[in-house]
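The block underneath contains the structure these notes are about, expressed in structure tokens.
The values are calculated or read from the model by the stated rules, or taken from the named source; none is laboratory data. Quick caveat: nothing in here was measured; it's all calculated off a predicted structure. With ideal geometry, Cβ positions are generated from the backbone for all residues, glycine too; neighbour counts draw on all protein chains shown.
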């Protein structure tokens, strides 16, 4: 009996050690990918202007990037469920590492747009697969905590990526930034290659479309998708136009400082939202976070008159967007079984990306008409109102359930 007990303890210890190593490798690789992702979103719009493009084209290249990822994810999401998480993770890390080399040789807007389509392979392959792997490795009662901890990496990447990239661009030019992004991307490929993910539960071979149909039959998933659509609209507006608006409305030498506060707030939020949603429930945290996102955008309307508003706007937006996205991921993991998890998360990512892309597109059109500040204010007002309605609906639904 003692020998059997010691053997079991050794197996458990070996399993825990393997999980810890996998999480360490995944977190390291993801941080590098997230740095390249966030930097390209915030710096490339300025590079488009440098190449002679307009504000509309500046937003269009991000729109094309996200739309391409949406289509590609119809393949890569189910691939992570049927063939395991590692293959799409390696493909994604490779695409993010090598895309900056294509940016480097892009001497026209058309070449840059094609390079963004190539980079979209990384977004489609890496993001949902990495979150799926975190959920696979997390204890059953702590999935929200683990996922929100993983999402801290995105906030850290926003904290370091855009600001560091702007410093490189201002001092050495865009070429050095492209080469630096490629260099750190190589390390991400190596870390991803060293992963040894757990074996997935085998299921019957079914097509990608059939998988998406099955997960969409879940009514809770559809509610989650509506929530993340609201916050993704905020993210698209901020990532594409916040730096431009800040640079025009203030005299800051580095307008990317907005994302410094934004990222710090996101890190703080992710320390708590996972644990809170594990204890209080996902909806009790998701809708208030979305409301904060909307309020952050509303404050940008007042930025030309009061420059100190920048910090309050970025803090509210950072807490709201980071918190709601993390809780949204955790809610999907709760709702969908493991063998369909990557497909469901890929669908979530596609909804986020399409909302960011379309939101950025229409935001740019409206901004050209009424100005960026007014567009931030109007968008924030609509998101805040929708968040309040969903929150009140969740309270009413909970009260009805407790009465029956």
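Filtered by the rule that a residue be part of a helix (DSSP H, G or I) and farther than 21 Å from residue 232 by Cβ, the range 269-283 gives 271, 272, 275, 276, 278, 279, 280. Checked against the criterion of being part of a helix (DSSP H, G or I), under 18 Å from the mean Cα position of the chain (by Cα) and within 27 Å of residue 367 (Cβ to Cβ), the range 241-256 has at least one qualifying residue. Kindly establish whether residue 371 is at positive phi and surrounded by fewer than 19 Cβ atoms within 10 Å (Cβ to Cβ). So residue 371 passes the test. For the range 291-334, residues that are within 15 Å of the chain's Cα centre (by Cα) and either without any contact (Cβ under 8 Å) to a residue 12 or more places away in the chain or closer than 21 Å to residue 159 by Cα (or both) total 12.
So, residue 79, is that one at pLDDT 90 or above, more than 28 Å from residue 175 (Cβ to Cβ) and surrounded by 13 or more Cβ atoms within 10 Å (Cβ to Cβ) or not?
Details: at pLDDT 90 or above: no; more than 28 Å from residue 175 (Cβ to Cβ): yes; surrounded by 13 or more Cβ atoms within 10 Å (Cβ to Cβ): yes.
Judged against the criteria, residue 79 is not a match.
Do we have any residue at all in the range 54-64 that's outside any helix (DSSP H, G or I) and either at pLDDT below 90 or farther than 21 Å from residue 188 by Cα (or both)? Within the range 54-64 (the criterion being outside any helix (DSSP H, G or I) and either at pLDDT below 90 or farther than 21 Å from residue 188 by Cα (or both)), the answer is yes, since at least one residue qualifies. Among the residues here, residue 252 does not qualify as surrounded by fewer than 23 Cβ atoms within 10 Å (Cβ to Cβ) and closer than 18 Å to residue 326 by Cα. Exactly one residue out of 328, 393 is in a helix (DSSP H, G or I) and within 26 Å of residue 210 (Cβ to Cβ), and it is 328.
When residue 85 is tested against the conditions (1) in contact with a helix residue (DSSP H, G or I) (Cβ under 6 Å, 6 or more places away or on another chain); (2) more than 19 Å from residue 350 (Cα to Cα), the lone failure is (2).
For the range 67-75, the condition of being within 18 Å of the chain's Cα centre (by Cα) and either in a loop (DSSP other than H, G, I, E, B) or buried (at least 23 other Cβ atoms within 10 Å of the Cβ) (or both) holds for at least one residue. In a residue-by-residue description of the range 88-108, the property of being modelled with pLDDT under 90 and within 20 Å of residue 199 (Cα to Cα) applies to no position. Restricting attention to the range 83-105, the residues that are free of Cβ contacts under 8 Å to residues at least 12 places away in the same chain and not in a helix (DSSP H, G or I) add up to 1.
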